[in-house]
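*Asks:* Input: one structure, supplied below.
The values are calculated or read from the model by the stated rules, or taken from the named source; none is laboratory data. All of these numbers come straight from a predicted model, not from anything done at the bench. When we count neighbours, we look across all protein chains shown, and the Cβ atoms used for this are built from the backbone with ideal geometry, even at glycine.
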Amino acid sequence: MFGGHHSSRFIVAITGASGVIYGKRLLEVLKDKDAEIHLVISRSAEKIIEYELGISRRDLEKYADYNYSENDLDSPLASGSFKTDGMIIVPCSLKTIAGIASGFSSNLILRAADVTIKEGRKLILVPRETPLSSIHLRNMLELARIGVVILPAMPAFYHKPTSIQDLVDFIVGKILDNLGIEHNLYRRWAQIK
């Protein structure tokens with residue numbers, strides 16, 4: 001049922017935080033890299049997708065090989081026996097980070113993240129909130145200590161971005177770097193003269 005010709009398999013979750021453009025761009029790039037994509041979009045993310053991008057959930061689901069409801073706890077993503085090359089939550093709400101940090105697996109996104117951690121697989125969280133309270137920082141520190149990658153949506157400017165797309169591509173490039181996927185989404189520091 002799952003698998004096939006794809007070179008890698010990733011879970012991508014989009015939660016109810018501003019910055020859904022990062023999730024959309026990651027889906028585009030992973031599809032272009034021929035990854036098998038398992039996508040979960042939270043209900044609160046649906047509203048933000050419509051507001052920020054002017055598109056619907058279905059427009060993003062077209063990039064994925066498999067789509068799930070956040071309430072689908074019978075999905076294969078809820079089991080450690082379902083092997084993946086990692087999970088990316090982009091953007092990742094601070095509520096989601098709090099749920100993961102406390103082991104509160106009340107929906108499929110939280111359960112898949114919990115499984116990713118317990119199986120020792122790569123988990124990348126892309127929070128976009130600012131400023132951060134000590135509660136947010138504590139939750140992130142708790143997760144970072146066990147190997148979760150905290151990758152805030154903080155673009156750099158040394159590559160001289162000239163568009164929002166350049167800023168988005170920088171963050172998506174950093175996600176791909178952490179997944180070990182080659183890309184040319186931004187110029188690296190060594191390439192800048």
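*Asks:* State all residues of segment 160-184 that are within 18 Å of Ile124 (Cα to Cα) and either not β-branched (Val, Ile, Thr) or not in a helix (DSSP H, G or I) (or both); if no residue qualifies, say none.
*Replies:* Going residue by residue through segment 160-184, those that are within 18 Å of Ile124 (Cα to Cα) are 168-183.
If the condition is that a residue be within 18 Å of Ile124 (Cα to Cα) and either not β-branched (Val, Ile, Thr) or not in a helix (DSSP H, G or I) (or both), then Asp169, Phe170, Gly173, Lys174, Leu176, Asp177, Asn178, Leu179, Gly180, Ile181, Glu182, His183 are the ones that fit.
*Asks:* Assess whether Ile117 counts as being within 24 Å of Ile21 (Cα to Cα), within 18 Å of the chain's Cα centre (by Cα) and either surrounded by fewer than 20 Cβ atoms within 10 Å (Cβ to Cβ) or not hydroxyl-bearing (Ser, Thr, Tyr) (or both).
*Replies:* no
*Asks:* Could you go through segment 64-80 and let me know if any residue there is crowded, with 18+ Cβ neighbours inside 10 Å, out of contact with any Ser or Thr (no Cβ under 7 Å at 6 or more places or on another chain) and under 23 Å from Ala153 (Cβ atoms).
*Replies:* yes
*Asks:* Identify, please: which residue in segment 21-35 is aliphatic (A, V, I, L, M) and part of a helix (DSSP H, G or I) and is, among those, farthest from Tyr66 (Cα to Cα)?
*Replies:* Step one: filter segment 21-35 for residues aliphatic (A, V, I, L, M), giving 21, 26-27, 29-30, 35.
Pick out the ones that are also part of a helix (DSSP H, G or I) and you get 21, 26-27, 29-30.
Numbers: Ile21: 20, Leu26: 15, Leu27: 12, Val29: 16, Leu30: 13 Å.
Looking at residues that are aliphatic (A, V, I, L, M) and part of a helix (DSSP H, G or I), I get Ile21.
*Asks:* Does Asp59 meet the test of being under 14 Å from the mean Cα position of the chain (by Cα), under 22 Å from Leu30 (Cα atoms) and surrounded by fewer than 22 Cβ atoms within 10 Å (Cβ to Cβ)?
*Replies:* no
*Asks:* Still on this structure, I have one more. Taking segment 38-74 only, how many residues are in contact with a Phe, Trp or Tyr (Cβ under 9 Å, 6 or more places away or on another chain) and over 20 Å from Val168 (Cβ atoms)? I'd like the intermediate steps shown before the answer.
*Replies:* Pass one, segment 38-74, residues in contact with a Phe, Trp or Tyr (Cβ under 9 Å, 6 or more places away or on another chain): 38-41, 65-66.
Keeping just the survivors that are over 20 Å from Val168 (Cβ atoms) gives 38, 40, 65-66.
So the count comes out to 4.
*Asks:* Select, from Ala144, Ala112, the only residue that is at negative phi, in a helix (DSSP H, G or I) and surrounded by fewer than 17 Cβ atoms within 10 Å (Cβ to Cβ).
*Replies:* Ala144
*Asks:* Looking only at segment 132-180, how many residues end up being in contact with a Leu (Cβ under 7 Å, 6 or more places away or on another chain), touching a residue at least 40 places away in the same chain (Cβ under 8 Å) and more than 23 Å from Arg9 (Cα to Cα)?
*Replies:* 1
*Asks:* Further question on the same structure: Would you be able to say whether some residue in segment 36-58 is basic (Lys, Arg), in contact with a strand residue (DSSP E or B) (Cβ under 7 Å, 6 or more places away or on another chain) and either in a helix (DSSP H, G or I) or at negative phi (or both)?
*Replies:* yes
*Asks:* Is it the case that segment 83-106 has a residue that's of a type outside the set (Phe, Trp, Tyr), surrounded by fewer than 19 Cβ atoms within 10 Å (Cβ to Cβ), closer than 21 Å to Pro152 by Cβ and without any contact (Cβ under 8 Å) to a residue 40 or more places away in the chain?
*Replies:* Within segment 83-106, one or more residues are of a type outside the set (Phe, Trp, Tyr), surrounded by fewer than 19 Cβ atoms within 10 Å (Cβ to Cβ), closer than 21 Å to Pro152 by Cβ and without any contact (Cβ under 8 Å) to a residue 40 or more places away in the chain.
*Asks:* Still on this structure, I have one more. Under 8 Å between Cβ atoms, which residue pairs at least 6 apart in sequence (or on different chains) link something in segment 15-32 that is within 21 Å of Arg111 (Cβ to Cβ) with a partner that is among the basic types (Lys, Arg)?
*Replies:* Close Cβ pairs (under 8 Å, with a partner that is among the basic types (Lys, Arg)) amount to Thr15/Lys95; Gly16/Arg43; Gly16/Lys47; Gly16/Lys95; Ala17/Arg128.
*Asks:* Could you please let me know if Asn139 is surrounded by 15 or more Cβ atoms within 10 Å (Cβ to Cβ), touching an Asp or Glu at 6+ places or on another chain (Cβ under 7 Å), polar (S, T, N, Q) and not in a loop (DSSP other than H, G, I, E, B)?
*Replies:* On the way: surrounded by 15 or more Cβ atoms within 10 Å (Cβ to Cβ): yes; touching an Asp or Glu at 6+ places or on another chain (Cβ under 7 Å): no; polar (S, T, N, Q): yes; not in a loop (DSSP other than H, G, I, E, B): yes.
Spelling it out, it is not the case that Asn139 is surrounded by 15 or more Cβ atoms within 10 Å (Cβ to Cβ), touching an Asp or Glu at 6+ places or on another chain (Cβ under 7 Å), polar (S, T, N, Q) and not in a loop (DSSP other than H, G, I, E, B).
*Asks:* Just checking, which of Phe104, Phe157 is in a loop (DSSP other than H, G, I, E, B) and modelled with pLDDT under 95? Working first, answer last.
*Replies:* Numbers: Phe104 fails: modelled with pLDDT under 95.
Of the residues listed, the single one that is in a loop (DSSP other than H, G, I, E, B) and modelled with pLDDT under 95 is Phe157.
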